[in-house]
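Heads up, the thing below is written out as structure tokens.
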């Protein structure tokens with residue numbers, strides 16, 4: 001079972017606070033030009049101004065910048081390149097929760113000289129329970145690790 005099959009509607013049950021789910025039609029209307037041919041939006045969220053879209057192929061982060069939010073930085077992480085996931089739960093006080101994804105950035109997963117890696121941290125409000133999302137991303141990372149190292 002793939003990441004998106006496991007995700008289903010269950011993640012929406014854990015989202016509270018500043019994170020809110022956005023309708024897929026609205027996401028397609030506003031951000032459809034960033035969706036690849038043949039790619040399907042599975043679920044998306046808004047956190048104040050920033051957007052996180054999970055498709056059947058990747059995680060898309062849209063970082064709105066500036067006073068008006070018209071300037072945007074779009075970053076994509078292919079789900080099949082995610083190889084490691086860490087989580088940091090919120091503590092006492094104003095701490096947020098975080099999920100950090102380590103992913104392969106080199107064009108070939110199997111190369112003799114090693115691969116290039118990058119990390120991306122997603123911050124969630126204290127009220128968001130990250131355990132379910134962490135588990136799904138970790139399962140994806142494990143499956144990718146097994147596939148790459150066959």
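Within the stretch 57-66, take every residue that is part of a strand (DSSP E or B) and without any contact (Cβ under 8 Å) to a residue 40 or more places away in the chain and give me the one that is farthest from residue 130 (Cα to Cα). Looking at residues that are part of a strand (DSSP E or B) and without any contact (Cβ under 8 Å) to a residue 40 or more places away in the chain, I get 65.
Between 74, 99, the distinction of being touching a helix residue (DSSP H, G or I) at 6+ places or on another chain (Cβ under 7 Å), loosely packed, with under 14 Cβ neighbours inside 10 Å and on the phi < 0 side of the Ramachandran plot belongs to 74 only.
Has the stretch 30-41 got at least one residue that is part of a strand (DSSP E or B) and surrounded by 18 or more Cβ atoms within 10 Å (Cβ to Cβ)? Scanning the stretch 30-41, I find at least one residue that is part of a strand (DSSP E or B) and surrounded by 18 or more Cβ atoms within 10 Å (Cβ to Cβ), so the answer is yes. In the stretch 12-26, the condition of being assigned to a loop (DSSP other than H, G, I, E, B), at pLDDT below 50 and exposed (fewer than 14 other Cβ atoms within 10 Å of the Cβ) is met by at least one residue.
The values are calculated or read from the model by the stated rules, or taken from the named source; none is laboratory data. Remember, predicted model here, so these are calculated numbers, not experimental data. We place every Cβ from the backbone using ideal geometry, glycine too, and count neighbours over all the protein chains shown.
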